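A.B. asks: Got a structure for you, written out below as structure tokens; questions coming shortly.
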Amino acid sequence: MALRPERMPVHVITAGTAFLVPRPPGELWVGATFEEVGFTKAVTIEGLRELASHVERLAPALRTAPVVRAWSGLRPRCPGGPVLGRPRGLANLLMALGHHRNGILLAPLTAQAIVACADAATPPAATVPFLVG
């Protein structure tokens, strides 16, 4: 869900499975929930309650911020974690997939790894276990 607080946090706030991510233009994204529902996409009351509890725990001063929207989506995951890099035999393809619920949190590090792969440079050490090829 997205909030529009009067005072926006400057940085990502995260603990466990909860996160608050400042986004332009003035939205604060609250995440995340996870339900095994196949390919069904729906916002549920239970999910909204869980997100509200994240706000209460991470930034209680924001609990009265207006909710401007809520959405649901599908989170592709790979059994061993994200898959990054250039697969063997496909020189014109770079992959960054399977981040599951942590895609928004791993985006900066993933971007560094993909740029390194594109430039044939050394990727960040934390990404090495997830590189293919």
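A.B. asks: Between 0 and 90 degrees, rounded to the nearest ten: what's the tilt of helix 103-118 against the longest Cα principal axis of the chain?
C.D. replies: With rounding to tens, the tilt is 20 degrees.
A.B. asks: Starting from the Cα-Cα distance between residue 46 and residue 91, subtract it from 0.36 nm times their residue separation and give me the gain in nm to one decimal.
C.D. replies: Full extension of this stretch gives 11.7 nm more.
A.B. asks: With only Lys, Arg, Asp and Glu charged, each at its Cβ (+1 for the first two, -1 for the last two), find how big the charge dipole of the chain is about the Cα centre; round to the nearest 20 debye.
C.D. replies: On the way: 13 positive and 8 negative charges, 22 e Å.
That gives a dipole near 100 debye.
A.B. asks: Out of every Cα-Cα pair in the range 7-80, what percent are more than 20 Å apart?
C.D. replies: On the way: 892 of 2701 pairs.
Considering the range 7-80, 33 percent of its Cα-Cα pairs are separated by more than 20 Å.
A.B. asks: How do 79-85, 39-45 rank on mean C-beta neighbours within 10 Å, highest first?
C.D. replies: Ranked by mean Cβ neighbours within 10 Å, highest first: 79-85, 39-45.
A.B. asks: Apply the Karplus curve 6.51 cos²θ - 1.76 cosθ + 1.60, θ = phi - 60°, to the phi angles in the range 53-67 and return the couplings in whole Hz, x for Gly and Pro.
C.D. replies: 5, 4, 4, 4, 7, 7, 8, x, 5, 8, 5, 9, 5, x, 7
A.B. asks: Now, a different point. Just grab the label-to-label distance for residue 37 and residue 121, each label 7 Å out from Cα along the Cβ direction, in nm (one decimal).
C.D. replies: 4.1
A.B. asks: Still on this model: Given a Förster radius of 25 Å and the C-beta distance between residue 131 and residue 23 as r, what FRET efficiency does 1/(1 + (r/R0)^6) yield to the nearest 0.05?
C.D. replies: Numbers: r = 29 Å, r/R0 = 1.14.
After rounding, the FRET efficiency stands at 0.30.
A.B. asks: When the dipole is taken about the Cα centre of the range 2-69, and only Lys, Arg (+1) and Asp, Glu (-1) are charged at their Cβ, what size is it in debye, to the nearest 20?
C.D. replies: In total the dipole reaches around 240 debye.
A.B. asks: What FRET efficiency would be calculated for the residue pair residue 70, residue 109, taking the C-beta separation as r and a Förster radius of 22 Å, to the nearest 0.05?
C.D. replies: Values: r = 27 Å, r/R0 = 1.24.
It comes to 0.20.
Every number in this text was worked out from the coordinates using simple rules, so none of it is lab data. If you're wondering where the values come from, they're calculated on a predicted model, not measured in any experiment. Cβ atoms come from the backbone with ideal geometry, glycine included; neighbour counts cover every protein chain shown.
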